[in-house]
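Some notes on the structure that comes next.
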Amino acid sequence: MKVDYIIVGLGLAGLAFVEELIKANKSFIVFEDDSQTSSLVAGGVYNPVILKRFSPVWNAKEQLAIALPFYEHLEKKFSTTLDQKFVIKKAFKSLEDQNNWFSAFDKPTVAPFLDDKLDKKTYDGVVGEHYFGNVKEGGRIDTHKLVRSYRNYLLENNWICFEEFHHHDICFHQDSVTYQNFTSDKIVFCEGFGLKKNPYFNELPLEEVKGEILTIHAPKLEIDFLLKSTLFVLPLGNNRYKVGATFNHKDKTSIPSIEGKDELVKKLKKVITVPYTIVSQSAGIRPAVKDRKPLAGVHANHKQLNVLNGLGTRGVMIAPTVAKNLFQHIEFGMELDPEIDIKRFN
Ligand SMILES: Cc1cc2nc3c(=O)[nH]c(=O)nc-3n(C[C@H](O)[C@H](O)[C@H](O)COP(=O)(O)OP(=O)(O)OC[C@H]3O[C@@H](n4cnc5c(N)ncnc54)[C@H](O)[C@@H]3O)c2cc1C
């Protein structure tokens, strides 16, 4: 069977690229083996400000301008709600923290997202000794619902095979490849941390940053904003909250751990004061790059092979922009943003 594209991996990167293919009437087949879980377990938060340093997220305004309509389109496609908009409240740890917040108003790329009035209210069960600062234009995409809905939609159209893609079985021709009974012009690898097993791209400097997250039930906690303190507390409704996340640079598994749970429980003690029960725990590996920029581009020796990866901690905001850029590069020869192009590691 002839297809225009083979896509390996259906997380945020894979589905953002497939959306470009559908828009352009391209034919494709997706391979997905459930080996990675990052997009399924993600908090899904989009936040234009790095709250540790009150610095801007790279190209935040431009990314949001593409990402928000992208998710809105998917909400319509699946007749469901994916985007929950809310205020992000930064709980200041000290007066110095508060002063740094006000200094950030001098940064033109950050200031539009910050509320210049401090929130001096108290919230039952929330530790907030030094008040709160409000970040505007934040929210959360339900990535679990999105990925599951997307995979079902592909399945209904016979556009996905739930099996492992074996890189060594690719057969190369002059301008195409054959894999199993598919002949295709291009392959785009969207494998997340699975890239480590890809012999064509595994020299790219992708690093594992395992993240763990808890879902809790706190009957006495009634907040409708995302609380950002030592960790985030994200309202899901019905007094359920996602709490996360850990950052582990050593563990390469997606298995929830006791250490991860203990770390989150310990930190949560400093953030909320009400009782809660843990409903579930999940884990995944963020596909991260040291320079915190995605990895997109074409293989140096096999022009049929492409990669879309390195979404790091911000897949929700970045994926639609990078997928669009890579698609336009492959199809129309438009320049790839040099900051994301894998050529930067040549
Ligand atoms: C705990 C946690 C919290 C997070 N919170 C946020 C957040 O709040 N906001 C945010 O923007 N980001 C967050 N992230 C990061 C976000 O999840 C990632 O940036 C994003 O999901 C990466 O998407 P991806 O498609 O590149 O990779 P993945 O989601 O890992 O998808 C890759 C897919 O490829 C498949 N695959 C791999 N190899 C093969 C193969 N050989 N054959 C077939 N299939 C294959 C895998 O099974 C997987 O489904 C979080 C991550 C974690 C772990």
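The values are calculated or read from the model by the stated rules, or taken from the named source; none is laboratory data. Quick caveat: nothing in here was measured; it's all calculated off a predicted structure. Virtual Cβ from ideal backbone geometry, glycine too; neighbours counted across all protein chains shown. All accessible areas refer to the heavy atoms of the entire protein, side chains included, with ligands and DNA or RNA removed. Shrake-Rupley method; radii C 1.70, N 1.55, O 1.52, S 1.80 Å.
Quick rundown of the values:
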read-out	value
Considering residues of the range 74-109 that are within 20 Å of residue 139 (Cα to Cα) and free of Cβ contacts under 8 Å to residues at least 24 places away in the same chain only, the residue surrounded by the most Cβ atoms within 10 Å (Cβ to Cβ)	75
In the range 39-68, the residues that are within 14 Å of the ligand (Cβ to nearest atom) and free of Cβ contacts under 8 Å to residues at least 24 places away in the same chain	50, 68
The listed residue being under 24 Å from residue 228 (Cβ atoms), under 23 Å from the mean Cα position of the chain (by Cα) and part of a strand (DSSP E or B), out of 319, 288	288
Among (1) exposed (fewer than 13 other Cβ atoms within 10 Å of the Cβ); (2) closer than 27 Å to residue 196 by Cβ; (3) of a type in the set (D, E, K, R), the one test that residue 121 misses	(2)
Residues being within 13 Å of the ligand (Cβ to nearest atom) and open to solvent by less than 20 Å² (accessible area, probe 1.4 Å) - total across the range 20-38	4
Residue 328 out of contact with any helix residue (DSSP H, G or I) (no Cβ under 7 Å at 6 or more places or on another chain) and not β-branched (Val, Ile, Thr)	yes
Identity of the residue in the range 242-269, open to solvent by less than 20 Å² (accessible area, probe 1.4 Å) and not polar (S, T, N, Q), that ends up farthest from the ligand (Cβ to nearest atom)	268
Residue in the range 162-170 that is in a helix (DSSP H, G or I) and either in contact with a strand residue (DSSP E or B) (Cβ under 9 Å, 6 or more places away or on another chain) or free of Cβ contacts under 8 Å to residues at least 12 places away in the same chain (or both) present	yes
Residue check, residue 132 farther than 25 Å from residue 337 by Cα and touching a residue at least 40 places away in the same chain (Cβ under 8 Å)	yes
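Residue by residue, here is whether (1) closer than 30 Å to residue 76 by Cβ; (2) aromatic (Phe, Trp, Tyr) holds:
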position	(1), (2)
117	no, no
122	no, no
126	no, no
133	no, no
138	yes, no
153	yes, yes
156	yes, no
175	no, no
184	yes, no
